[in-house]
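Everything below concerns the one structure shown next.
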Amino acid sequence: MAQDDSISTPPPVGFRFPSREVVVESGYQARKLECCGVDPAIWGKCADPSFFAFYTIMAQRWTGRSINGNVHMSQAYFLSSAIPQGLLINMAGEVTKIDPHPRGQRVWADFKFSLANGTVPLRASRSSLNPGEPHLDAPRVSTPSLDISSMYLVNETLLEPEKVAAFSDEAENLIHSDPDTAKRFGFKAPIAGGLMASHIMLGGLVEEAGQGGIVELQGEISFHRPMFWDERLRFVASPKDAVGPRSMALIGDDDKPRCRASITHVKFEES
């Protein structure tokens with residue numbers, strides 16, 4: 001694949017993304033979940049909230065700005081009611097903060113998804129690393145260790161290069177599909193889009209519950225280390241009856257967390 005020489009420039013703080021109608025069609029959800037090794041059938045008629053998080057990434061692309069080289073750093077969900085597949089919903093958001101980062105800028109944005117009657121079933125907040133010109137000599141940010149001794153294995157997923165590339169085919173961020181671009185931005189190989197981890201973990205929770213899709217959700221995912229496009233990932237989670245927020249993580253073969261999540265509330269569709 002040809003290298004994309006465009007440089008990503010984020011909108012300024014206070015920038016309001018143009019309002020846009022988005023939809024998660026059932027066929028689209030099925031194709032993307034299969035790229036992640038997730039059975040689409042477990043979601044029933046519910047849309048996986050991770051898809052709306054993807055649209056918040058595309059919001060910058062839709063303004064005509066490149067997102068080449070951008071790396072997802074955190075994603076928060078506040079889902080108060082299920083959004084069915086195939087339902088048109090209005091998305092609006094704004095850039096709330098930009099912090100300096102050793103490898104560029106960390107850009108924060110908040111979004112809300114509204115129905116025609118004005119209700120807001122989903123709010124989503126994200127942050128991403130916007131590298132601008134690649135900072136290959138910048139130090140890596142240290143990642144705190146994670147004690148998984150109290151967690152148990154939910155499932156395992158083997159990432160496949162063709163599926164990782166296909167998952168991000170419309171994002172035009174070549175670090176997910178082109179080895180040369182990945183190396184240009186400091187990665188030894190293409191990396192999976194962070195939201196693949198969100199699909200894997202939320203899908204694992206749905207499958208574990210065996211009740212249908214998620215209809216209420218409050219939680220945040222932090223992306224700490226790259227998930228390379230051919231890695232095997234173990235999804236581990238704290239016990240369902242543990243006190244306080246439920247901790248989850250995707251662990252690589254080196255026993256280091258690629259990402260972790262804290263889920264404070266989740267409710268599933270009744271089967």
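Per the Kirkwood formula on distinct C-alpha pairs, the Rh of the chain is how many angstrom? Over the chain, the inverse of the mean reciprocal pair distance is 18.8 Å. Annotation note: GluC sites (Glu not before Pro) in the stretch 147-194 located in DSSP loop regions with a Cβ neighbour count of at most 14 within 10 Å are Glu170. Length gained on full extension, Val13 to Ser26, computed as 0.36 nm times the residue gap minus the Cα-Cα distance: 1.2 nm.
Between Lys45 and Lys188, the FRET efficiency from the beta-carbon distance, with R0 = 35 Å, is close to 0.30.
Quick one: of Lys32/Lys183; Lys45/Lys256; Lys45/Lys240; Lys183/Lys240; Lys112/Lys188; Lys188/Lys267, which pairs are farther than 30 Å apart, Cα to Cα?
Lys45/Lys256; Lys183/Lys240; Lys112/Lys188; Lys188/Lys267
Here the calculated FRET efficiency for Thr63 and Lys240, from their Cβ-Cβ distance with R0 = 51 Å, stands at 0.80, rounded to the nearest 0.05.
The longest stretch of the chain left intact once loop-based trypsin sites (Lys or Arg not before Pro) with at most 12 other Cβ atoms within 10 Å are removed from consideration, loops following DSSP, is 1-139.
Maximal additional length on extending the Thr96-His265 stretch stands at 58.4 nm, based on 0.36 nm per residue less the C-alpha distance.
Only the coordinates and a few stated rules stand behind these numbers; no lab work does. Remember, it's a predicted structure, so these values are computed and weren't measured experimentally. Cβ coordinates were reconstructed from backbone atoms using ideal geometry, including for glycine residues, and neighbour counts include every protein chain displayed.
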